[in-house]
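Okay, so here's the structure we're looking at.
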Amino acid sequence: MKFITNLLFLSFFKLFCSIEFDPLGYIVYCPCMGRFGNQADHFLGALGFAHGLNRTLVLPPWVEYRYGEPKSIQVPFDTYFKVEPLKKYHKILVMEEFMTKIAPYEWPEYQRIAFCYMARGSEFYSPLHYDVYHNMAQQWKDRYPPSKWPVLAFTGETFKKYNTVKFLLTHNYLGAPASFPVQLENRGLQKYLECAFVGIHLRNGIDWVRACEHIPESPNLFAAAQCVGYQNEKGNATSNMCLPSKETIIRQIKRVIKSINNLANNNDRTIKSLYVASDSYHMLDDLRIALKRMKVHVFKYDKSSPHVDLAILGKSNHFIGNCISSFSAFVKRERDAKGFPSSFWAFPVEKSNKYNSFLHDEL
Ligand SMILES: Nc1nc2c(ncn2[C@@H]2O[C@H](COP(=O)(O)OP(=O)(O)O)[C@@H](O)[C@H]2O)c(=O)[nH]1
Ligand SMILES: *[C@@H]1O[C@H](CO)[C@@H](O)[C@H](O)[C@H]1NC(C)=O
Ligand SMILES: *[C@@H]1O[C@H](CO)[C@@H](O)[C@H](O)[C@H]1NC(C)=O
Ligand SMILES: [Mg+2]
């Protein structure tokens, strides 16, 4: 009786929450081998494999090993890469979503069988292998029909208990249904792997603070012409352009991220990261607090390297720079040449008075 009630509950749950289960099943794997490059190779292989079997691919977190830390950490797949573009190629789901929405129904704990090529887990699929480009897919489908095997989990051990972190931590050997190095046929899949971030330049060292003091008598200081025009056609440079206030900086970043995420129309998921370049003060704490609610991670390069900063700013999905800085100007010109969008701190000058705009944008 309890069983039937459970079943009924489950069907209602499925109905009301309109969770779509993939009748063709899922592929779960562990990126247990190596660091980022190895894991990325395996990811492409797993993607090709899942595509060949036409099962939904569950995207595992990236496993990172931080220097000096005894344990690896799990970084959700969509921290670095967008999920939407991948969907153009194949059905996918991030692990966190799979474990909360799908696994309880399609993969109950007592059925968590791990797939191993050799006698390590509970189901040995040897001699099948992952090369779905040469007639392997059908053999997989015949041997493991989705009706009987809704989830194919590739890893070394039986899953004792749901816990993505634990599950990943306990495996140190090959867990992906993919070969390493990446198979020739899967190389092209890289094009679906996109990451999105906003890059900002904060020019605020002591030399800059001194330079900005000259703005009132030099309304076309340094690189200001990139904003206000060579003859000040678009106004005069202002102190806030030169040394934007914390409020200006946070307001503009939020605005840019919101407009990009709304534009892409994918549940505010597009921009996940902010990259900060600075000659002096990166404002990391303030930015992290300000962007926490939007779930945006804030990064800087851990060494001081102007050219690395330039390269990364050049690649960002949107760049916010400093009108007066020639360092910012370099990034802006490069992006103009590529057709990438940029904007500047405190330019154009907002029409509404300061107090009003402060009230509107303070969240
Ligand atoms: N690493 C790093 N260095 C910066 C950054 N901004 C400025 N700098 C350093 O400060 C110098 C600024 O001088 P310059 O290139 O003449 O640009 P400007 O003074 O901003 O017009 C750069 O060449 C860098 O060495 C930054 O975002 N990152
Ligand atoms: C794969 O499965 C989806 C449904 O999940 C279906 O729409 C699609 O046509 C299938 N692709 C192939 C190549 O069979
Ligand atoms: C710019 O500054 C000059 C003086 O430096 C002033 O004459 C002019 O009116 C200002 N232009 C604007 C648009 O504020
Ligand atoms: Mg300079």
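Results, tabulated for the structure shown:
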{"item": "Exposure proxy order (Cβ contacts within 10 Å, fewest to most) of 72, 147", "result": "147, 72"}
{"item": "C-alpha center-to-center spacing [the stretch 25-86, the stretch 299-343] in angstrom", "result": "29"}
{"item": "Cα gyration tensor shape for the stretch 206-262, rounded if a/c is under 1.5, else prolate or oblate", "result": "oblate"}
{"item": "Above-threshold pairs, the threshold being 24 Å between Cα atoms, out of 272/332; 254/351; 295/338; 191/303; 88/332; 246/295", "result": "295/338; 191/303; 88/332"}
{"item": "Gain in span if fully extended, residue 297 to residue 148, counting 0.36 nm per residue against the direct Cα distance", "result": "49.6 nm"}
{"item": "Those residues of the stretch 86-107 whose amide nitrogen sits under 14 Å from the label point placed on residue 79, 7 Å along Cα→Cβ", "result": "95-96"}
{"item": "Residue 20 paired with residue 180, simple spin-label distance in nm, labels 7 Å along Cα-to-beta-carbon", "result": "3.4"}
{"item": "Förster radius 51 Å - calculated FRET efficiency between residue 128 and residue 326 (Cβ-Cβ, nearest 0.05)", "result": "0.30"}
{"item": "Pair residue 349, residue 69: separation of 7 Å Cα→Cβ label points (nm)", "result": "4.7"}
{"item": "If the convex hull is drawn through the Cα atoms of the stretch 197-361, its volume per residue in Å³", "result": "121"}
{"item": "Label-point separation, residue 337 to residue 263 (7 Å along Cα→Cβ), nm", "result": "2.2"}
{"item": "Under 17 Å from the residue 214 label point (7 Å along Cα→beta-carbon), backbone N, the stretch 314-329", "result": "323-327"}
{"item": "Cβ-Cβ FRET estimate between residue 286 and residue 54, R0 fixed at 51 Å, reported to 0.05", "result": "0.60"}
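Here, each number is a calculation from the coordinates, and none is a lab measurement. This is a predicted model, so every value here is computed, not measured. Cβ coordinates were reconstructed from backbone atoms using ideal geometry, including for glycine residues, and neighbour counts include every protein chain displayed.
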